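Okay, structure first, notes after.
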Amino acid sequence: MSTNKNRLYELIYLVNREASDEARADIVSRMKAVIDSFGGEVMKTESWGKRRLAYEIQKGSERHQKAYYEYNVLQGPAGMTQEIERVLRLNEDCIRFLTIKIDSFDPSATSVNAATETAESTEA
């Protein structure tokens with residue numbers, strides 16, 4: 001007997017800085033279709049904008065120094081993340097992605113806010 005337990009995940013992916021708004025929206029719509037097909041849901045989505053990368057990333061013949069950062073909190077079954085990662089891996093505009101299973105989710109906090117607050121409290 002298998003149980004279909006929904007889990008929480010954080011997904012951060014980087015999109016090529018030269019990608020058009022339509023290409024970025026296409027990635028979001030493909031991910032949304034996968035999430036819906038697995039019965040999952042998007043708990044939170046944030047676009048962190050274009051940022052300089054900590055190090056240069058080479059994908060194919062291109063070298064990337066800047067990218068658009070996209071942050072998502074998802075809830076769904078374990079197989080959903082494998083399919084989302086497959087979709088991101090096949091998309092030429094997606095440079096990198098990282099999916100992390102999380103235990104709980106606070107909708108008022110984000111990783112960027114938490115990192116900024118931690119850095120400020122250690123400086124004081």
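The values are calculated or read from the model by the stated rules, or taken from the named source; none is laboratory data. What you see is a predicted model, and the numbers here were worked out from it, not measured in a lab. Positions of Cβ are generated from backbone atoms using ideal geometry, with glycine treated the same way; all protein chains shown enter the neighbour counts.
For (1) hydrophobic (A, V, I, L, M, F, W, C); (2) farther than 22 Å from Arg7 by Cβ; (3) at pLDDT 55 or above, each residue gets a yes or a no:
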site: Ile84; (1), (2), (3): yes, no, yes
site: Val87; (1), (2), (3): yes, no, yes
site: Asn91; (1), (2), (3): no, yes, yes
site: Ile100; (1), (2), (3): yes, no, yes
site: Pro107; (1), (2), (3): no, no, yes
site: Ser111; (1), (2), (3): no, no, yes
site: Ala115; (1), (2), (3): yes, yes, no
site: Ser121; (1), (2), (3): no, yes, no
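Remark: pairs (first residue in segment 54-74, within 20 Å of Met43 (Cβ to Cβ); second residue assigned to a loop (DSSP other than H, G, I, E, B) and among the β-branched types (Val, Ile, Thr); Cβ separation under 7 Å; 6+ apart in sequence or on different chains) = Tyr71/Thr110. Every residue in segment 1-23 that is farther than 18 Å from Ala78 by Cα and under 12 Å from the mean Cα position of the chain (by Cα), please. Within segment 1-23, Tyr13, Leu14, Val15 qualify.
If the condition is being surrounded by fewer than 16 Cβ atoms within 10 Å (Cβ to Cβ), within 15 Å of Ile95 (Cβ to Cβ) and not charged (D, E, K, R), then segment 58-80 contributes Gln58, Gly60, Ser61, Gln65.
Restricting segment 1-27 to residues that are of a type in the set (Val, Ile, Thr) and either touching a Pro at 6+ places or on another chain (Cβ under 9 Å) or surrounded by 16 or more Cβ atoms within 10 Å (Cβ to Cβ) (or both) leaves a set whose member that is farthest from Leu98 (Cα to Cα) is Ile27. For segment 35-75, a tally of residues being over 22 Å from Asp103 (Cα atoms) and either of a type in the set (S, T, N, Q) or touching a helix residue (DSSP H, G or I) at 6+ places or on another chain (Cβ under 6 Å) (or both) returns 5.
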